[in-house]
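Trainee: Can you keep this structure in mind? I'll have questions shortly.
Since every read-out is calculated from the coordinates, none of them should be taken as a lab result. Values in this document were obtained by computation on a predicted structure and should not be read as measured data. Please note: Cβ atoms are built from the backbone with ideal geometry, for glycine as well, and neighbour counts cover all protein chains shown.
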Amino acid sequence: MEDKISKYEKVQIISARAKQISECAPSTIDTSNFVDAVEIATEEFNCRKIPILLVRSYPDGSIKELDVN
């Protein structure tokens with residue numbers, strides 16, 4: 001089982017975080033240079049400061065939680 005985040009998981013994480021930011025959740029980075037919630041979420045992801053936990057469930061019934069940072 002690999003701990004690397006797939007491109008599909010990355011998109012899901014950024015979109016979930018962008019939704020949180022658009023609903024007035026506080027950002028973990030300086031947002032003075034950004035206008036769009038997606039841009040802020042992408043920059044948080046790239047800076048490894050995104051406050052989201054990724055939960056993976058596997059066919060054998062096991063569950064693995066990964067810190068996105």
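Trainee: Return yes when residue 46 is without any contact (Cβ under 8 Å) to a residue 12 or more places away in the chain, closer than 27 Å to residue 2 by Cβ, surrounded by fewer than 15 Cβ atoms within 10 Å (Cβ to Cβ) and not aromatic (Phe, Trp, Tyr) and no when it is not.
Mentor: Spelling it out, residue 46 is indeed without any contact (Cβ under 8 Å) to a residue 12 or more places away in the chain, closer than 27 Å to residue 2 by Cβ, surrounded by fewer than 15 Cβ atoms within 10 Å (Cβ to Cβ) and not aromatic (Phe, Trp, Tyr).
Yes or no, residue by residue, for (1) over 14 Å from the mean Cα position of the chain (by Cα); (2) surrounded by 10 or more Cβ atoms within 10 Å (Cβ to Cβ); (3) of a type in the set (Phe, Trp, Tyr):
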position	(1), (2), (3)
3	yes, no, no
7	no, no, no
21	no, yes, no
29	no, yes, no
33	yes, no, no
39	no, yes, no
53	no, yes, no
59	yes, no, no
68	no, yes, no
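Trainee: Name the pairs: first residue in region 54-69 and in a loop (DSSP other than H, G, I, E, B), second residue of a type in the set (Val, Ile, Thr), Cβ to Cβ under 8 Å, at least 6 apart or on different chains?
Mentor: Once the first residue is in a loop (DSSP other than H, G, I, E, B) and sits in region 54-69, its partners that are of a type in the set (Val, Ile, Thr) give 68/5; 68/13; 68/50; 68/52; 69/50.
Trainee: Contact list please: Cβ distance under 7 Å, first residue in region 10-31 and in contact (Cβ under 8 Å) with a residue 12 or more places away in the chain, second residue assigned to a loop (DSSP other than H, G, I, E, B) and not hydrophobic (A, V, I, L, M, F, W, C), pairs at least six apart or on different chains.
Mentor: 21/27; 28/49; 28/51; 29/49
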